Amino acid sequence: MLTSVSVLAQSESVESYSIDWWAISPLLVVFLAAFVSVLLEAFLPRSRRWAAQVGLSIGTLLIAAFAMILYINEDLRVGLGLSEEVPVDPAFADATHQVAPVTTFNGALAVDDPTLFLWGTLLALALPSFLMIADRSVEPGGAFVAQAALRPGSTQDRAQTTVPGMQTEVFPLALFALGGMMAFLASNDLLTMFVALEVLSLPLYLMCGLARRRRLISQEAAVKYFLLGAFASAFFLYGIALLYGFAGSVQLSAIAQATAGTDRSETLLFAGLGLLVVGLLFKASVGPFHSWTPDVYQGAPTPVTAFMAACTKVAAFGAILRVFSVAFEASSWEWEGVLWAVAIASMVIGAVLGLTQTDIKRMVAYSSVAHAGFLLVGAIALTDDGLAGTMFYLLAYGFTTVAVFGVITLVRDSDGEATHLSKWAGLAKRSPLVAAVFSFLLLALAGIPLTSGFMGKLAVFSAAVADGMAPLVVVALIASAVAAFFYVRVIVLMYFSEPAADGPTVSVPGAFTTAAITLGVVVTLLLGVLPTLALDWAGIGGFIS
């Protein structure tokens, strides 16, 4: 079972009403920067906003990462004179944890080893995502519309494609979304989790509708995401209400105590859990709750798609792992079978429908649905290895996906990105380097050895087999083989087809997009050949209970 740490009752009574500022310092840095970013939009001249927002956004990620390092390394903090040395609590003297797990904000947030790993993953994935958002070289002026209020198809809308400016409001929106993701996976009660869910979701709804080109499909994607997201949030909130009726609390630990031994009717428990899980699986784009994914991935600006595909999945599965492990571990035998069916459905939907796609962004969207099924296999295995494997998979998948969308932005025609598969025919003859990079990334998504995708699947599937889920792993392996076909199909198309005479061109990426793609490729390779460091960190400790 997952390693759990119970704080002494005396410590709880003292610390539950205090705030551990160092523990939540990365979260505070991101939210404070988001508010500063809003002020920059209000007071800076439009000509100076882009440079200021880019500097603030990248600086925020670096400062938040440094704050997390300071929290983890108390000796460094003491050495810099930022805090005094605190005696080790006897309760944690023999615990195999990187830091002593704490709850703060009256128990609303839990900062433990999985939280720190996933926060680090989010900050790392946000860096290439923000670089792609800031890029103005691949698409002149940037991927975002200069004036968001323009009516699609109007004369002003057609003219704005040549305007060099971009809607810089995307930067505070992205920072608020990132802060919401960090709070979402650290939430220790369901009400805080719901608030964090809305904080991360609302900016994403807006960002999806800000594409510079193909404005109509972009706004359609935003509306679909908003409407379906509102339904999912309603399910989530209703599930919270039912669970409160069952346990008398929204704290995860209180729900765990109620499920472990109670004479109350379990109708509220299972109805609430079902509705809660629907909201979580929707945000993680797990089939069959994935209907928004292909349309939104296709219609949103590609940098936003990369940000959603990588970071939102980390936040959603971080929350799923915490809810299942902390609140509902005692009743796992009752809901495990349902999640088996959901995981199988997600893998089959992603693999089979991915074969039928002719748009490369929709193909990657269905790939995301299949990978969500693979991740759910690890989440169902409530063991230390299952937790570590799932978190490693999130890290590996995130970097590969960001790089994939970075490459997609480079293949362009007169209408912008050339996302129809026919446009990628013979790409290797036009740009051998881009074709080679994209092929490597697709093989990583397929799970070929010497890539991070292979190590991620190996970690998750091994944990599932050890937990007695061999039949589910067999289904996952078959789905992986089917999904590999549509990855290889694109590689064959690039290398063994003749390019059309009026085919698309491959843009030379600017420094930001180059850095984002390079970072994704390097991490994909390193995690494939040297995964030990990341796996060891992911496996240090479990959730606080």
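No value in this document is a laboratory result; all are computed from the given coordinates. Nothing here was measured: the structure is a model prediction, and the numbers come from that model. No Cβ is skipped: glycine too gets one built from the backbone with ideal geometry, and neighbour counts run over all protein chains shown.
For a test of the definition: using alpha carbon positions, the gyration tensor, and the 1.5 limit on a/c, classify segment 170-237 as rounded, prolate or oblate.
oblate
Would you work out which of LEU533, LEU433, ILE240 lies farthest towards the positive end of the dipole of the chain, given +1 charges on the beta-carbon of Lys and Arg and -1 on that of Asp and Glu, about the Cα centre?
So the residue we want is LEU433.
Of PHE117, LEU131, LEU32, whose Cα points farthest to the positive end of the dipole of the chain (charges on the beta-carbon: +1 Lys, Arg; -1 Asp, Glu; origin at the Cα centre)?
LEU131
How would you order 396-403, 314-321, 532-539 from highest to lowest mean count of nearby Cβ atoms within 10 Å?
Final packing ranking: 396-403, 314-321, 532-539.
When Lys and Arg each count +1 and Asp and Glu each count -1, what net charge do the other residues less than 11 Å away from GLU220, Cβ to Cβ, add up to?
Counting the neighbours of GLU220, the net charge comes to +2.
Given GLN147, SER325, SER367, which one lies farthest toward the positive end of the charge dipole of segment 9-538, if we put +1 on the Cβ of every Lys and Arg and -1 on the Cβ of every Asp and Glu?
GLN147
Treating only the Cβ atoms of Lys and Arg (+1) and Asp and Glu (-1) as charged, compute the dipole magnitude of segment 195-306 about its Cα centre; round to the nearest 20 debye.
Values: 7 positive and 5 negative charges, 118 e Å.
That gives a dipole near 560 debye.
For every other residue with a beta carbon closer than 13 angstrom to the beta carbon of LEU410, add +1 if it is Lys or Arg and -1 if Asp or Glu, then tell me the sum.
Around LEU410, the charge tally is -1.
What ranking, highest mean first, results for peptides 240-247, 176-183 when packing means the other Cβ atoms within 10 Å averaged over each residue?
Highest-to-lowest ranking by the protection proxy: 176-183, 240-247.
Which of the peptides 382-391, 266-275 is most tightly packed, and how do the rest follow, going by the mean number of other Cβ atoms within 10 Å of each residue? Can you show the working numbers first?
Numbers: 382-391: 23.6, 266-275: 17.7.
The densest-packed peptide leads the list: 382-391, 266-275.
Setting aside same-chain residues fewer than 8 positions from LYS283, which lysines have a Cα under 18 Å from its Cα?
Within the straight-line cut-off, LYS283 pairs with LYS224, LYS313.
Calculated from DSSP H runs of 4 or more alone, at -39500 (n - 2.57) each and per residue, what is the 222 nm mean residue ellipticity of the chain, nearest 500?
-22000 deg cm²/dmol
Which distance in nm do the two modelled labels at LEU28 and VAL492 give, with both placed 7 Å along the Cα-to-Cβ direction?
5.7
Take ALA511 and ALA42, extend 7 Å from each Cα along the Cα→Cβ direction, and tell me the distance between the two endpoints in nm.
Those two pseudo-labels are separated by 3.2 nm.
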